[in-house]
Structure formats: C-alpha cells, structure tokens
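Here is the structure we will look at, set down as structure tokens.
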Amino acid sequence: MRHLASTPLTADATVLSNRFEMVHHAGSLLRGERICPPSRRPAAAPHVVSWGRRIAHRRHAHGSQVFDPDGTGFEFVAYDAREFTTDHKGNPYLTYQEMQSVLSKSLLLYQNGHIGRIPRKVFVHKSSHFTEDETQGALDAFGGRTEVELIQVIRHSNWYGLKVDAPRSQDQKPTPTSYTVDRCLYLPMGPNECLLWTQGSVIGINVERSGQPVFKEAPLKPLADPILLRRFSGQGGWHDSCSGVLGLTKVDWNNNTLYKTMP
C-alpha cells in the first residue's frame, strides 16, 4: 500500500489478502494511504452527524451528534421519530420526512453556534445502509450549498492486511514484518467503498521505548482488521472521510482507551 507521501515501490508496503490469496496489481503490491504520521493523532471529524437508536412501543428515539472540525462544539439532539420501518435485525430506516426533519434540527444547531453560517461539507455516519428516502431527505435538509456525504460504517469485512518489509537487496524477496499494519491506513476499493484500519500499530506511546509499535488488540489477535466504509452520497477522495471516522474512534467519555474500532 502506498502512503500519503509518495514512496518508491521498494519501501515498506501493506499487502491485502481476502483470507485466501494475496492481492497484486500490475505486477506490484497494492498500496494504500496513511492519513497521518504514526506519532500524530487524527483530528476530530469535520461537521459530522451520527446517531444511535432505541426502539420501544413502535417509537424510535433518535440521537443526533454534531461536531465542529476541531472536535469542539459538541451538540446532541434527541428526536422521537414516529415514521420508520425496521429490517429483520431491528435496524430502523426513516422516512423522507423524518430524515429531513432530524438533519434540519442538526443544521439549526450548527447555525445557532456559528452566526447562521452554512457548513461547506457534512458527513453523516450510519451502521446500516441508506435507503433512497433517507438519502433524498438528507440532501434536501442541507440544500445545494452544502456537500453531503452519507457513509455506512461496516464493522466486519473479508480482508486483512500484512505489513511487508522491503528487501535489502535485489536477491531477496519482501517478507512480512513481525508486527501488524499501522493504524490510519486506508485503501479505496472503488469510488464508493474504502477499507480503513482503525486498529493497528501506533508509534510514540510506549513510555520506555517510544520507537516500539503498540498494537492494543495484540493479546486477542495477531492482525488488525479493517472496517469498510460504503458511500451513498458524495464524491471525491477518501482522505477527509477516513479522517473523520478516525477522529470519532477516539471520542469515548466512558474510558481512556487509546482508540475504539468503530466511531
């Protein structure tokens, strides 16, 4: 995988496998991008709206959370949605009117704290897919002056990554390292799907040996699993989208863990 800064093909790489075979492209290893240097923590999500759910007595308690680009200005909107459907897993899907209403309330919160300004771009995260009604409701809530990116965050995928050391000479072959891939790596799988490593090795937090990588999940498994981001609205690169998700993996007021896998 290639890093954000350009690196030669002989540099360290991350190789993807779908648990059955190694992935190659045009005779070289697939290379992804690293969002930030290992020693830096990713910034909070720019104008992110996310929500949770609770279903009881055919009512949907909808919680919308709004953040500023620097992680400040946290706001929470409790909204009782009455028009929605559920799938066999109990995941709720809002009607056009309900989606437009809850995001309009989120927009109003932002404007009240920013002298009526309209956000340039908004990310909306959801663990289930976006229906056509939800997509159109979200777009209409913000209008044409705001770019709206709707992202489904999927916990499990069929992929894992191996970090590979560059050969020291032309006679040697690349060999896997003894540690898992770095946190902050991402690999676009197409215009609307991207793998993101919210787990992984982190440099600079070991008090005694700052250069030694730390993998938080190492006692439980040897390799970091990526999450899958699926885009239902929006276009362009994945850097800002992944940065927002990474920032939210560090937002947890219940404990002081280094990060969480899901935002």
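The values are calculated or read from the model by the stated rules, or taken from the named source; none is laboratory data. What you are looking at is a predicted structure, and each value in this text was computed from that prediction instead of being measured. These accessible areas exclude ligands, DNA and RNA; they are computed on the full protein's heavy atoms, side chains included. Shrake-Rupley method; radii C 1.70, N 1.55, O 1.52, S 1.80 Å.
A few points about this structure:
- Residue 96 contributes about 60 Å² of solvent-accessible surface, heavy atoms of the protein only, 1.4 Å probe.
- With the convex hull constructed from alpha-carbon coordinates only, the stretch 152-240 shows a mean projected area of 8.0 nm² over all directions.
- Solvent-accessible surface of the stretch 180-227, taken per residue with a 1.4 Å probe and all protein chains present: 44 Å².
- Accessible surface of the stretch 114-230, 1.4 Å probe, proportion on carbon and sulfur as whole %: 51
- Contact order for the stretch 108-175, expressed relative to its length and based on alpha carbon pairs under 8 Å spaced 6+ residues apart, stands at 30 percent.
- Using C-alpha pairs under 8 Å with a sequence gap of at least 6, the mean separation divided by the residue count of the stretch 120-263 gives a relative contact order of 25 percent.
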